[in-house]
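Beneath this line is the structure, given in C-alpha cells, with notes to follow.
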Amino acid sequence: MTDLTEEEVEAIAEHEHCHEMVAMELGHCLVRTEEGVVRIRHMITEDIAMARARGDSRRAEKLQVVHDRFCEKYPRALRSEIHA
C-alpha cells in the first residue's frame, strides 16, 4: 500500500499517537508530495529528540537510522521548510 518501511510507519505512528494502519495511510498520502516528505522527516527528528530527552538512547539511535535511510530514499525531505 505504501513505499514506506515498517520502521518509517512505526515512527509516524509514534509521533501521531495512532494505530499503525492509520500511520500507513497518513504516510502514503504524505510521501506523495515534497511538503509531505519534509513533514515525515520532521516527525522522525521530533521522535529522536523525544527519545533523547527521556534518556532512551537505543530508541534515538534506531530512529536516527530510520531518518538517514528515509533521507537517502527521499532526498527532497532535506528541505527544511514546510508550507502550511
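The values are calculated or read from the model by the stated rules, or taken from the named source; none is laboratory data. None of these values were measured; they are calculated from a predicted model. Here the Cβ is made from the backbone with ideal geometry for all residues, glycine too, and neighbour counts use every protein chain on show. Quick note on the areas: whole protein, heavy atoms, side chains included, nothing else; ligands and nucleic acids left out. Shrake-Rupley method; radii C 1.70, N 1.55, O 1.52, S 1.80 Å.
Values computed for the structure shown
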item	result
Some residue of the range 24-32 being open to solvent by 50 Å² or more (accessible area, probe 1.4 Å) and of a type in the set (K, R)	yes
Residue identified as buried (at least 19 other Cβ atoms within 10 Å of the Cβ) and touching a Cys at 6+ places or on another chain (Cβ under 9 Å) among I40, I12	I12
Among residues of the range 10-56, those that are in a helix (DSSP H, G or I), over 16 Å from V66 (Cβ atoms) and of a type in the set (G, A, S), counted	2
Condition met for R59 (assigned to a loop (DSSP other than H, G, I, E, B), without any contact (Cβ under 8 Å) to a residue 40 or more places away in the chain and open to solvent by 20 Å² or more (accessible area, probe 1.4 Å))	no
